[in-house]
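Working notes, structure below.
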């Protein structure tokens, strides 16, 4: 059965000709092969990400071993499941990923994965990674689109679901999301440290013993190529993929770029996810012929339909709101003074990828205001090594840890005074204090939309 959805009602596509044309274009039925192929690949990558977290020891290191976790501040009540609970949690995630790939109870699986992944994303900030955030977005989008209406177990269960087409916006939405990621990644690289090659030279210095390419990575011309090639790739890859004449060249560049990143930086499924999303840039018929040869072609004339269904205007409005949020989040750091890579204010969810390396140390002076007694506290006495290293360079983690110390050292009617002694280096600069050591952090309140006045500005 071909589900074309050509029913239209007056006024549903908008009140102006331009809006009618846009809505008609977005809701025109097109071959759904890219959506089907991406569903299978995406589901398999979800399995790899979830099962790999267990097999590599990441779940143990992140959720089982620590006695304290650093959830996002607005969900500070979140706690990991006790005992072997987090292993089971990730096992469920892997199973849901398999259900997405197979298209078995597809929307339920994709929606459940989105919620569960969002939960573990919010539960800890020690190992923040941009692709963890991207997975929330993509699984949420995949829940919306009908990627299960061909080559799926859902179609086998309910043959009436079978369709050769989807709406054009079901494909265009992923192109738009990818454009946001790459464009902001390119713009973020236009800052002095990246242009000077500081983070690249530091990373590559630690990879001198890599087989075959270790010595090559130390060459200045290679590092310069990575600096400018990264900007050029992020800025141009989407336009070049969209243009038919440069599409194959851009796809080849994507393969080289992401496989290089995978080999050198070991960043999990992210490179393969980006390669997989290339299917949305090729003509659907090309994807059908390459990957779904048994799938019948869409009958002639079906894809010329431009009539929108009832409620199309609300869908367009919802998509516009979603994209508006995506356009705002990466620039919200401009509301705060100082270097975002130093203060971290507005750094997350902003596609600030591979732009900095920070290292440092911190300890705390805990004083009894009544007696003047002072005790030095090391975060290593409370946290894992990974947590302690992240704590030293992230102000919000520092504030959260101070709340732990504040509760532990409080006496009846006598809250302690807590001062931080910090030393941090950003992209190879000389170490300098991140936190004003004169400020009693036990009396500092956290304001999510105001800059922290207890941070010391970065000295260039």
- Residue satisfying all of: in the range 128-146; under 16 Å from residue 175 (Cα atoms) and more than 12 Å from the chain's Cα centre (by Cα); surrounded by the most Cβ atoms within 10 Å (Cβ to Cβ) among these: 142
- What is the number of the single condition among (1) assigned by TED's automatic domain parsing to the domain that holds residue 341; (2) modelled with pLDDT of 95 or more that residue 298 does not meet? (2)
- Note on the structure: Across the range 434-460, the tally of residues that are part of a helix (DSSP H, G or I) and surrounded by 17 or more Cβ atoms within 10 Å (Cβ to Cβ) stands at 2
- Item | Residues satisfying the stated conditions in the range 258-271, i.e. surrounded by fewer than 19 Cβ atoms within 10 Å (Cβ to Cβ) and not in a loop (DSSP other than H, G, I, E, B) | 259, 260, 261, 262, 263, 264, 265
- Message: Restricting to the range 197-222, count the residues that are out of contact with any helix residue (DSSP H, G or I) (no Cβ under 8 Å at 6 or more places or on another chain) and in contact (Cβ under 8 Å) with a residue 24 or more places away in the chain.
- Response: 2
- Message: Residue under question is residue 101, and the condition is that it be part of a helix (DSSP H, G or I), modelled with pLDDT of 95 or more, in contact with a helix residue (DSSP H, G or I) (Cβ under 8 Å, 6 or more places away or on another chain) and not assigned by TED's automatic domain parsing to the domain that holds residue 380; does it hold?
- Response: yes
- Message: Suppose the filter is closer than 19 Å to residue 427 by Cα and either modelled with pLDDT under 95 or under 21 Å from the mean Cα position of the chain (by Cα) (or both); does residue 356 pass it?
- Response: yes
- Message: Among (1) within 29 Å of residue 23 (Cα to Cα); (2) more than 30 Å from the chain's Cα centre (by Cα); (3) not in a loop (DSSP other than H, G, I, E, B), there is one condition residue 331 misses while meeting the rest; what is its number?
- Response: (2)
- Query: Mind checking whether some residue in the range 105-127 is outside any helix (DSSP H, G or I), within 21 Å of the chain's Cα centre (by Cα) and either at pLDDT 95 or above or surrounded by fewer than 17 Cβ atoms within 10 Å (Cβ to Cβ) (or both)?
  - Reply: yes
- Message: Just the residues that are assigned to a loop (DSSP other than H, G, I, E, B) and over 25 Å from residue 448 (Cα atoms), please, taken from the range 363-405.
- Response: 368, 369, 370, 371, 372, 373, 378, 382, 384
- Taking the range 327-339 and keeping residues within 28 Å of residue 262 (Cα to Cα) and either at pLDDT below 95 or crowded, with 20+ Cβ neighbours inside 10 Å (or both) leaves 330
- Message: Restricting to the range 275-293, name every residue that is touching a residue at least 60 places away in the same chain (Cβ under 8 Å) and in a helix (DSSP H, G or I).
- Response: 276, 277, 279, 280, 281, 284, 285, 287, 288, 291
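Okay, residues lined up against (1) over 25 Å from residue 325 (Cα atoms); (2) surrounded by fewer than 19 Cβ atoms within 10 Å (Cβ to Cβ); (3) out of contact with any helix residue (DSSP H, G or I) (no Cβ under 8 Å at 6 or more places or on another chain):
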| position | (1), (2), (3) |
| --- | --- |
| 158 | yes, yes, yes |
| 161 | yes, yes, no |
| 169 | no, no, no |
| 178 | no, no, no |
| 185 | no, no, no |
| 190 | no, yes, no |
| 194 | yes, no, no |
| 224 | yes, yes, yes |
| 237 | no, no, no |
- Item | Residue in the range 406-415 that is in contact (Cβ under 8 Å) with a residue 60 or more places away in the chain and either exposed (fewer than 13 other Cβ atoms within 10 Å of the Cβ) or not in a loop (DSSP other than H, G, I, E, B) (or both) present | no
- Task: May I ask you to list the residues in the range 59-89 that are part of a helix (DSSP H, G or I) and free of Cβ contacts under 8 Å to residues at least 40 places away in the same chain?
- Result: 59, 60, 64, 85, 86, 87, 88, 89
- Query: Which of the residues spanning the range 152-173 are in a helix (DSSP H, G or I) and touching a strand residue (DSSP E or B) at 6+ places or on another chain (Cβ under 7 Å)?
  - Reply: 168, 171
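The values are calculated or read from the model by the stated rules, or taken from the named source; none is laboratory data. On a predicted model such as this, the values are computed, not experimentally measured, just so you know. Reconstructed Cβ throughout: ideal geometry from the backbone, glycine too, with neighbour counts over all protein chains shown.
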